[in-house]
Amino acid sequence: MAARKKTTRKYGPTASQDVELAMREMEEGKLKSGRSGKKVTSRKQAIAIGLSEARHSGAKVPKRKSAARKRKK
């Protein structure tokens, strides 16, 4: 049998707290998007905002995928 590879967590506990807070704000109707200031209704958008705030605060969150990496060459 092959030995299992030990992996580390991708996201730290602080990141999950920031995402949870953003989700709660969205459900209450208080979460606004950046430049336009429109109310966020999308679950995915709320998660993205929470992760972005976690990155700014210095929590353990993987780097955002850039547009250049997404595009196939």
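So the values come out like this:
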{"item": "Ranked 40, 19, criterion: other C-beta atoms within 10 Å, fewest first", "result": "40, 19"}
{"item": "Within the chain: Cβ-based charge dipole about Cα centre, in debye rounded to nearest 20 (Lys, Arg +1; Asp, Glu -1)", "result": "860"}
{"item": "Angle in degrees between helix 13-28 and the longest Cα principal axis of the chain, rounded to the nearest 10", "result": "30"}
{"item": "Charge dipole of the chain about the Cα centre (unit charges at C-beta), most positive-ward option of 50, 21, 2", "result": "2"}
{"item": "Isotropic mean projected area of the C-alpha convex hull, the stretch 1-49 (nm²)", "result": "4.9"}
{"item": "Cut-off 15 Å between beta-carbons: net charge of the residues surrounding residue 31, Lys and Arg +1, Asp and Glu -1", "result": "+2"}
{"item": "Cβ-defined net charge surrounding residue 20, 12 Å radius [Lys, Arg +1; Asp, Glu -1]", "result": "-3"}
{"item": "Over the chain: helical MRE at 222 nm, DSSP H runs n ≥ 4 each giving -39500 (n - 2.57), nearest 500", "result": "-15000 deg cm²/dmol"}
{"item": "Helix 43-57 axis, angle to the chain major axis (alpha carbon atoms, nearest 10°)", "result": "70"}
{"item": "Efficiency of FRET between residue 60 and residue 24 - r from beta-carbon atoms, R0 30 angstrom, step 0.05", "result": "0.90"}
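Readers should treat all values here as calculations from the given coordinates under stated rules, not as data from a laboratory. Keep in mind that this is a model prediction, so the values were computed, not measured. Don't worry about glycine lacking a Cβ; one is built from the backbone with ideal geometry, like all the others, and counts go over all protein chains shown.
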